[in-house]
Amino acid sequence: MDIAKVEPITTARALRGPFDYRLPERMRDVGVGSLLMVPFGHRRMLGVVTALTDHSDLPHERLAEPIEALEAGATPELVRLGLWVAERYCSTASRGLALVLPPGSGAGVPRAARARTERRAQITPTGRAALAGEARLGERQRAALESLAGAEEVSGAELARVAGADSGVLARLAERGLVTQRESEVRRRPRIDTVGASGGRVELSAQQAACVTEIVAALDGAGSRERLLHGVTGSGKTEVYLAAIEAALERGRSAILLVPEIGLTPQTLSRVAARLGDQVAVIHSGLSEGERFDEWRRLRSGEARVCVGPRSAVFAPLSDLGLIVVDEEHDSSYKQEGDPRYDARAVARRRASEAGAVYLAGSATPRPESWAELERLELSERVDGRPMPPVEVLDMRETGPRAGPLHERTRAALASLPEGAKAIVMLNRRGFSPHLSCASCGEAVSCPSCDVSLVLHRGGGRSGPRIGCHHCGHSEPVPTDCPSCGSVSIIRHGAGTERIEELIAELIAPARVFRLDADSASGRDGHTRVLSAFGAARGGVLVGTQMVAKGHDFPDVALSVLIDADSTLRYPDFRAEERTFSLVAQLAGRSGRGDRGGRVLIQTLAPAAIPIAAAARHDAPGFLAGELERRREFGYPPFASLVAIELSGAGERALAVLAKQLAEAIAPGLSAGSELLGPAPRFRRRNRFRRRLLIKTAQPERDAAAIRAVLERPEAVKALRGATLAVDVDPQ
Ligand SMILES: [Zn+2]
Ligand SMILES: [Zn+2]
């Protein structure tokens, strides 16, 4: 077995491995998953070993040898998973494998992240004698020895700082046998804020304990290994996850906890870290590359046995995996938007099943797919024994057009918040006014590069009010007159978070309003900053987009308000109902966690819409049963799978022709019973026209392979030049 099959890590779709390399004697410990630097034509490339063999189609002497074997590589299990992702999501082996490599293993660039080392020095007995006796020592030599005498080992950087001893001074001391030096690896550890998080165990409720018992039994091989933890908001799902993770660790197995975007769930992260300490590693995009690399190495070496992170943590290099938990499993951030467009929930299920591990998905508002496919565990009561808050649905059709965006009852409830009580107000639209138009000619003010209206932002800072596009970032000053007829009467329509913030500030003064949206909470710690300020305040109102409805817990919240609850229903998407239900139910669940009780107001133009009415009754089972019926009738997941093909191009005519030709080329290869819809136009974005084909299929893997085969034909490759194409399996 001295031939390695190596897949080069590259973003180029045309370069497909694996390629054979002959392993020299010094690389005999190279295995599946090892990272190699290999010669490729006149270049060097980073590659992953996908198999070892002793036969190649090329004669032995024509095979090149790798240049170098790098220290950190993936495991054979992860190589299989990366290749599965590539296949399942219509991507390339290289892109699938890039997901399982140590962070910083660059695609295209022959480069791999490395451990950071530092020089550390120790004093020898001779050195101590020299310090005590009459030996001739320079001033800095003496200072260095004195620092070393008081400690076991000191780093070079520290000695330079406290004793002014540079590497030259240390080298001379080492030559005289007064100190010894060694290179030691430095771990770059991310800081996890555990302030306020208790590391102590709480006593589990009877329901929580029953769920844990079932999960532990599954860990030990009894019953289904794929479970859905359906727990109402405030029912203590995190305690169940923690107990299950501890049970896995006790059995010598490791665990992964997937959470939605880490910035939005600081409370979960700090609780896990406070409870499990150094066994926990976190991997997320907010860390530096060095920190990510070192956390990855702690997992790979077994030093850390639990990985917490967003979707990419599903690829954590843990061995003996016992459990994968997906918290808030309904969250759309589990789907990757770039190639490969993988769904971390599907990848987690696959990985758990291959490893013989338990897959546990948890949510108060699970996806219909999970409801239908996974065996359920129920937490129907809140841990504090409080009832779910009453929900009032306010019909905005009854208020006149002059009433403004807040219902009279909403205004009254906000104005009469008792001192020290808090409220959360959600509106899924940022900016001040989402829409401007001309009163004379009716022309809407829209983006020059996209078919959408420009949003007015009052903003702060130097720029003053501007109108901007939420799709391409275009921004310009607010027009004073109509670009088509010159009229000066421009009307503003609708309200965004900035306008609601202003209205509420007037209502509740002197209490404060905190705004949480992509504009107010930018930067690495943006969300945490706003949420901590709201948490620490005595009273006040948090206004924001759907970020305010996610995974945090403020006991003083006595009122939750949702404005324009049906806005998500207006999207032409089969998940519109599911999203609306989830949003309303999650927001309702933020209220009434403390002594103040809770009240929930839902403003809508569609009070009878099923998702809104069901969420108002806190009736997830009722909603899901109906939604599954609807999906069965229309052939949507979980009763069929979807594969979308997105095309975009600069010329509308050419794109329309291309989309039609592509549909005609793909249709004959699909499985019997598969249905191809489209091409359907989608709105122009960033000056690119767009078309979409949608395939409903019972055999997604087979059809994805058929599509890939069509796309790889030389005539398709040629026709697609100048257009951009993405295949999205299981689109969100
Ligand atoms: Zn006009
Ligand atoms: Zn735009």
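The values are calculated or read from the model by the stated rules, or taken from the named source; none is laboratory data. Owing to the predicted nature of the structure, the values given are computational and were not obtained by experimental measurement. Neighbour counts are summed over all protein chains in view; Cβ atoms, including those assigned to glycine, are modelled from backbone coordinates with ideal geometry. The protein model used for the area step is the full one, side chains on, heavy atoms only, and it has no ligands, DNA or RNA in it. Shrake-Rupley method; radii C 1.70, N 1.55, O 1.52, S 1.80 Å.
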* Can you find even one residue in region 684-691 that is of a type in the set (Phe, Trp, Tyr) and surrounded by fewer than 20 Cβ atoms within 10 Å (Cβ to Cβ)? -> no
* Would you confirm whether any residue within region 416-437 is surrounded by 14 or more Cβ atoms within 10 Å (Cβ to Cβ), within 16 Å of ligand 2 (Cβ to nearest atom), small (Gly, Ala, Ser) and farther than 30 Å from residue 222 by Cα? => yes
* Asked: Which of the residues spanning region 553-593 are in a loop (DSSP other than H, G, I, E, B), open to solvent by 10 Å² or more (accessible area, probe 1.4 Å) and closer than 30 Å to residue 271 by Cα?
  -> 553, 554, 555, 556, 590, 593
* Check whether at least one residue in region 371-378 is away from ligand 1 (no atom under 16 Å from the Cβ) and at pLDDT below 95, and report yes or no. => no
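Just to check your reading of the model, which residue among 715, 633, 652 is touching a strand residue (DSSP E or B) at 6+ places or on another chain (Cβ under 9 Å) and open to solvent by 50 Å² or more (accessible area, probe 1.4 Å)?
Within the list 715, 633, 652, the selection yields 652.
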* Asked: What are the residues in region 465-488 that are in contact (Cβ under 8 Å) with a residue 24 or more places away in the chain, more than 16 Å from ligand 1 (Cβ to nearest atom) and more than 23 Å from residue 689 (Cβ to Cβ), if any?
  -> 465
* Asked: Tally time: how many residues in region 344-368 are within 24 Å of residue 86 (Cα to Cα) and open to solvent by 10 Å² or more (accessible area, probe 1.4 Å)?
  -> 7
* For region 400-409, how many residues are surrounded by fewer than 22 Cβ atoms within 10 Å (Cβ to Cβ) and in contact with a Leu (Cβ under 9 Å, 6 or more places away or on another chain)? -> 4
* To do: Could you please give the count of residues in region 410-456 that are assigned to a loop (DSSP other than H, G, I, E, B) and within 16 Å of ligand 1 (Cβ to nearest atom)?
  => 7
* To do: Kindly indicate whether any position in region 491-512 is more than 30 Å from residue 437 (Cα to Cα), open to solvent by 30 Å² or more (accessible area, probe 1.4 Å), more than 16 Å from ligand 2 (Cβ to nearest atom) and small (Gly, Ala, Ser).
  => yes
* To do: Filter region 513-544 for residues that are open to solvent by 30 Å² or more (accessible area, probe 1.4 Å), without any contact (Cβ under 8 Å) to a residue 40 or more places away in the chain and closer than 30 Å to residue 471 by Cα and give the result.
  => 515, 520, 522, 523, 529, 532, 533
* Meets criteria (under 24 Å from the mean Cα position of the chain (by Cα), of a type in the set (S, T, N, Q) and outside any helix (DSSP H, G or I)) for residue 522 -> yes
* Structure fact -> Flagged in region 440-456 as over 11 Å from residue 493 (Cα atoms) and either more than 14 Å from ligand 2 (Cβ to nearest atom) or touching a helix residue (DSSP H, G or I) at 6+ places or on another chain (Cβ under 7 Å) (or both), in numbering order, are 440, 441, 442, 443
